[in-house]
1. Among what's in the stretch 30-53 and is outside any loop (DSSP other than H, G, I, E, B) and without any contact (Cβ under 8 Å) to a residue 12 or more places away in the chain, pick the residue that is farthest from residue 94 (Cα to Cα).
2. Please indicate, with yes or no, whether at least one residue in the stretch 70-81 is surrounded by 16 or more Cβ atoms within 10 Å (Cβ to Cβ), assigned to a helix (DSSP H, G or I) and over 15 Å from the mean Cα position of the chain (by Cα).
3. From the set of residues in the stretch 41-69 that are on the phi > 0 side of the Ramachandran plot and touching a helix residue (DSSP H, G or I) at 6+ places or on another chain (Cβ under 9 Å), which is modelled with the highest pLDDT?
4. Pick from the stretch 3-22 the residues that are under 20 Å from residue 92 (Cα atoms) and in contact (Cβ under 8 Å) with a residue 60 or more places away in the chain: which of them is farthest from the chain's Cα centre (by Cα)?
5. Restricting to the stretch 54-67, give me the number of residues that are assigned to a strand (DSSP E or B) and exposed (fewer than 11 other Cβ atoms within 10 Å of the Cβ).
6. I need every pair where a residue in the stretch 70-85 that is at negative phi has its Cβ under 8 Å from the Cβ of a residue that is surrounded by 14 or more Cβ atoms within 10 Å (Cβ to Cβ) and in a helix (DSSP H, G or I), sequence separation at least 6 or different chains.
7. Does the stretch 14-25 hold any residues that are out of contact with any strand residue (DSSP E or B) (no Cβ under 6 Å at 6 or more places or on another chain) and more than 12 Å from residue 3 (Cβ to Cβ), and which are they?
8. Tally up the residues in the stretch 23-39 that are more than 15 Å from residue 87 (Cβ to Cβ) and either loosely packed, with under 14 Cβ neighbours inside 10 Å or over 13 Å from the mean Cα position of the chain (by Cα) (or both), please.
């Protein structure tokens, strides 16, 4: 199981770069330096919704309020699949340990 890192340009009116780290424990770490945002959220609290400029990544349970980040459809698709791959790897590891 590996930590995966990726950088996405947010599709907002003020573009910024979101540095995302997918931890093998099922957590997504997000840092947007231009907005002074940094948080960690479980994969179970991450949603993808269609937005006006692509897809909206919704991270729930972050300091009591959801955080919404606009991504291109391609970037959201890639992130979704990276998260699914990480989930599957974690499940396989847990089954092997049982």
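1. This residue is 50.
2. no
3. This residue is 54.
4. Among them, the one singled out is 4.
5. Adding up the residues that qualify gives 1.
6. 71/79; 83/43
7. Correct list: 14 only.
8. The total comes to 6.
The values are calculated or read from the model by the stated rules, or taken from the named source; none is laboratory data. As the structure is a prediction and not an experimental result, all values here were calculated from the model. Using ideal geometry, Cβ is built from the backbone for each residue, glycine included, and neighbour counts are taken over all protein chains shown.
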